[in-house]
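Here is the structure we will look at.
The numbers here are math on the coordinates, done by the rules we state, and not lab data. Since this is a predicted model, take the numbers as computed values, not measurements. Cβ coordinates were reconstructed from backbone atoms using ideal geometry, including for glycine residues, and neighbour counts include every protein chain displayed.
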Amino acid sequence: MIHQTAIIDATAKIADDVEIGPYSIIGAHVEIEAGTWIGPHVVINGPTKIGKNNKIYQFSSIGEDPQDLKFSGENSSLEIGDENTIRENVTISRGTADGGGVTKVGSHNFIMAYVHIAHDCRIGNHIVFANSASCAGHVEIGDYAILGGFTLVHQFSKLGSHCFTSMGAIINRDVPPYVIVASNYGKAGGINKIGLKRKGFSDTLIRAILNTYKALVRSKGSREQAMKEVAELIEQYPEVKQFTDFIENSKRGIVR
């Protein structure tokens, strides 16, 4: 299961059925759980923990030092969950001391070629990163988000669950749950109706989210007044409360 040309550090802990392709390098303090497939010419450095049934394609660099000028070799790590597909030339860095020391990637994510996930990011589950999407340090992304090709996310930005970014979007503020970023200037372009329908959201719930979006994002009135307008929806739908809580807790401001 491990090709004879692969180089495996003596401290690496690798499950018996893990497959490692030609010329791949598994560095010190790397843990790889059962069912994971590592293609040829992959480099994985530690401390890194990789869960079960992941597929990591050729020329990816996983768990390398963070690209941070403040980094001076302090202990930091990367944690990757289960059932992720990580395509060619993906780079995922370990964390830094300033960010808690760990980068985290959840489970069931589809990470396409040339994606970059920087130090201290917190990536949820069931997320799609299209080709060449890039996240700077300390970015947080909620479950079921979709990042279009060449999306660029500024450091410390947060993207809520079920949001959608178009090709070439530039994100320098927080993106609330369910919201579409429809231009390369990072402007809100409605809610992700198609994505929500595909995930089983009812028409009534989608309408409630849309009305809340209009009140809090598109309206030129005060946030206090908008919150009063949607108070009943917040009480009735947990998904609407998730949307309003995200906006209330945003430190960078939201896309509009």
> Across 10 Å bins from the origin, how do the percents of Cα pairs in the range 1-79 run, short distances first?
Replying inline: 20, 56, 19, 4
> How far is helix 238-249 tilted off the main Cα axis of the chain, in degrees rounded to 10, range 0 to 90?
Replying inline: 80 degrees
>> Quick check on packing: order 115-122, 144-151, 249-256 by the mean number of other C-beta atoms within 10 Å, highest mean leading.
In response: 115-122, 144-151, 249-256
> Residue by residue, what Karplus-based ³J(HN,Hα) values in Hz, rounded to whole numbers, does the range 47-60 have, using 6.51, -1.76 and 1.60 with θ = phi - 60° and x for Gly and Pro?
Replying inline: x, 9, 10, 10, x, 8, 6, 8, 10, 10, 8, 4, 6, 6
> Around Val105, which amide H atoms from residues at least 5 apart in sequence, or from another chain, sit under 5 Å from its own amide H, with H modelled in the peptide plane?
Replying inline: Glu79, Ile80, Gly81, Ile123
> Based on the alpha-carbon gyration tensor of the range 1-132 and its eigenvalue square roots a ≥ b ≥ c, which shape applies: rounded if a/c is under 1.5, prolate if not and a/b is larger than b/c, or oblate?
Replying inline: oblate
>> Using each residue's phi in the range 163-171, evaluate 6.51 cos²θ - 1.76 cosθ + 1.60 at θ = phi - 60° and report the 3J(HN,Hα) Karplus result to the nearest Hz, with x for Gly and Pro.
In response: 7, 9, 10, 7, 4, x, 5, 10, 10
> If the range 195-249 were replaced by its equivalent ellipsoid, with semi-axes equal to the square roots of 5 times the Cα gyration tensor eigenvalues, what would those be, largest first, whole Å?
Replying inline: 20, 11, 10
> Between Gly46 and residues 5 or more places away or on another chain, which pairs have amide H atoms under 5 Å apart, with H built 1.01 Å from N, and which residues are they?
Replying inline: Gly27, Ala28
>> Longer than 27 Å from Cα to Cα, which of Lys104/Lys199; Lys13/Lys55; Lys197/Lys251; Lys52/Lys187; Lys158/Lys220 are they? Say none if no pair is.
In response: Lys197/Lys251; Lys52/Lys187
>> Can you give me the long-range amide H partners of Ile180? Hydrogens built in the peptide plane at 1.01 Å from N, cutoff under 5 Å, separation of 5 or more residues or another chain.
In response: Phe164, Gly189, Gly190, Ile191, Asn192
>> Let me make sure I get this right: for the chain, a, b and c are the square roots of the gyration tensor eigenvalues over alpha carbons, sorted descending. Under 1.5 in a/c it's rounded, otherwise prolate if a/b > b/c, else oblate. Which is it?
In response: prolate
> Could you state the principal axis extents of the C-alpha atoms in the range 146-250, from the largest down, to the nearest angstrom?
Replying inline: 39, 31, 20
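What 222 nm value per residue comes from the helices of the chain, counting each DSSP H run with n ≥ 4 as -39,500 (n - 2.57) and dividing by all residues, nearest 500 deg cm²/dmol? Walk me through the intermediate numbers first.
Values: 5 runs with 42 residues, N = 256.
Taking each H run of at least 4 residues, the total per residue is -4500 deg cm²/dmol.
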> How large is ³J(HN,Hα), in whole Hz, for each residue of the range 100-112 in order, when computed from phi with the Karplus curve 6.51 cos²θ - 1.76 cosθ + 1.60 and θ = phi - 60°, using x for Gly and Pro?
Replying inline: x, x, 9, 9, 10, 10, x, 10, 6, 9, 10, 10, 7
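Quick one: work out the % antiparallel among DSSP beta bridges in the chain, nearest 5. Display every interim value, and only then the final one.
Numbers: 2 of 56 bridges.
Close to 5 percent.
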> Between Arg223 and Asp16, 0.36 nm times their residue separation minus their Cα-Cα distance comes to what?
Replying inline: 68.9 nm
>> More than 24 angstrom separation, counting every C-alpha pair in the range 96-194; what % is that?
In response: 11 percent
